[in-house]
Amino acid sequence: MAMIFLDFESTGLEPAVNVPTQAAFIRTDDDLVIQDEVVLCGRVPQHIVPAPDSMLVTSLTPEQLEAPRLSYLELATSIARLLASWAPATVVGFNSLKYDEELLRNVFHQALLPPYATSGKGFRRADILSMLRTLAQIRPSAIKIPVVDGKPVYRLGDVCRFNGIGLGEDEAHDALNDVRATLALFKLMRSRAPDLIEALMENAHKSGAIRRLSAGGIVGLADFGRIVPVTALMPAPNGASWAVADLSIDPSIYLGLSAPDLIGLMGAKGERPIRTVKANAQPMLLPWTPEVGMAATCRWESEAVYNDRLRQIHADDAFWRNLTAALANRFGDRQPSPWPEQRLYDGFPSKEDVGRAARWHELDWSVRYAFGERHIQDDRLRAFSRRLVFENAPETMTPEQWQEGREWLQHRLTTTDPVPWLTLPGAINRCAELRRETADPERLARIDVICRWLEGRLAEMVRPAEPPSL
């Protein structure tokens, strides 16, 4: 199966309210021989304020953010077509399951495209950062990890340089350079520990993870630098997650708990006797071998102790009833966000709306606004339709529709209310903070350029404007 290595540079750290500025993809065969390289750049849409920190990290200037040929919508559709043309494939990145693919899902969702493309038929998903952490803990002789102030450092550039892979400080945070380094690091890991990497790659599709979980018994789970013996309990109602019990912890502390108490236990910070793992996000599951057991970060017990705890768990009928209820109601008190971009996981659109969204892309811009309002039932997709027309074809809107869009944009960019995205005043204030934190003349000059651009955008936004003529 082909492999697709990807990396995004973006306007900020929160995937739901930021967008890619660069998207780089390398397709290889199963032997990791490069077949294609593609780099796409997109303009920042008018409702997004890039974080000054991100602009400093990527060295992108305001002119570069506004210059790319592709609009946000065109970038999204180009990525969707590219991935579809390269399927079947395993999609791989560095911290991609936590960030890059979350960004991609939100990009697709807000562009009225199927958001779960890489989780669908023909795709597997893998994350090199998770595999790197697991490899370093189980087989430390296979990879060198830099240590700073007594703590391991897993940043891509630091790990690559420490292992002889070229990725200088001035080369990092360019999407293509980063994705080339990601590929090189994966080659190194696979060459030095082929059996371990192969075992972890079996979890790259949910079927492999579910097969390992549903087999029962003891399984090793590596998560955030910890390795513990777990046993699968049951799948959550959505089927994407499984509850597992940490067998290094005496089950008597939770077997008598009510469903609400079990919900609290699963959501607690730190060591959790019961947790959920996402079967479709390459969980770091491994057979419980002596090598895995010796690398475990918990207090090591004999398999006899673990098996005895397994028997205790399976013999407690009340616990299973309470766990079933806990998994069904785990997010029952979660309040939906008022902002549509933060509601990606608030349920799937209907099949009818999925078809209508596809139809929306086929229509002429002159009728897309009306089509979205009349036919799309999902309020999230309807909101995205409005903003996409306002961004890409405002001349097709009535004066009233355009005025509504203008007021939305003004609030979006200038509000002082607590909102999940970065506003223009917030970004300008951040520039002032960055000035106070540095004395480097070159960095100060770059901050000044960014701040003047933001101030210009703010002045333009508060200035009266007229709708474009048809």
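Some notes on this structure:
- Taking (1) surrounded by fewer than 15 Cβ atoms within 10 Å (Cβ to Cβ); (2) in the same structural domain as Ile218 (by TED's automatic domain parsing); (3) at pLDDT below 95 in turn, Phe348 satisfies each apart from (2).
- Check on Gly270, part of a helix (DSSP H, G or I) and modelled with pLDDT under 90: no
- Criterion: surrounded by 15 or more Cβ atoms within 10 Å (Cβ to Cβ), more than 24 Å from Thr58 (Cα to Cα) and among the charged types (D, E, K, R) - qualifying residue of Arg457, Arg412, Arg374, Arg463: Arg412
- Val219 being hydrophobic (A, V, I, L, M, F, W, C), in contact with a Pro (Cβ under 9 Å, 6 or more places away or on another chain) and buried (at least 20 other Cβ atoms within 10 Å of the Cβ): yes
- Residues in the stretch 279-311 that are in a helix (DSSP H, G or I), surrounded by 16 or more Cβ atoms within 10 Å (Cβ to Cβ) and not small (Gly, Ala, Ser): Val292, Tyr306, Arg309, Leu310.
- Exactly one residue out of Arg386, Arg380, Arg368, Arg359 is basic (Lys, Arg), within 21 Å of Thr77 (Cα to Cα), part of a helix (DSSP H, G or I) and out of contact with any Phe, Trp or Tyr (no Cβ under 9 Å at 6 or more places or on another chain): that is Arg380.
- Contact annotation: residue pairs with Cβ atoms under 9 Å, 6 or more positions apart or on different chains, pairing a residue in the stretch 448-470 that is hydroxyl-bearing (Ser, Thr, Tyr) with a partner that is surrounded by fewer than 16 Cβ atoms within 10 Å (Cβ to Cβ), are Ser469/Glu395.
- Filtering the stretch 377-397 to residues that are more than 30 Å from the chain's Cα centre (by Cα) and either loosely packed, with under 15 Cβ neighbours inside 10 Å or closer than 25 Å to Pro338 by Cβ (or both) leaves Pro394, Glu395, Met397.
- Any hit, the stretch 69-79, residues being under 30 Å from Trp453 (Cβ atoms) and of a type in the set (Asp, Glu): yes
- Counting only helices (runs of 4 or more DSSP H) wholly contained in the stretch 128-208, the ones carrying 1 or more residues that are among the charged types (D, E, K, R) and at pLDDT 95 or above occupy 128-138, 175-192, 194-201.
- Where a residue in the stretch 204-216 is on the phi > 0 side of the Ramachandran plot and its partner, wherever it lies, is of a type in the set (S, T, N, Q), with Cβ under 8 Å and at least six apart: Gly216/Thr231
The values are calculated or read from the model by the stated rules, or taken from the named source; none is laboratory data. Since the structure is predicted, the reported quantities are computational estimates derived from the model, not experimental observations. Note: ideal-geometry Cβ built from the backbone for every residue, glycine included; neighbour counts use all protein chains shown.
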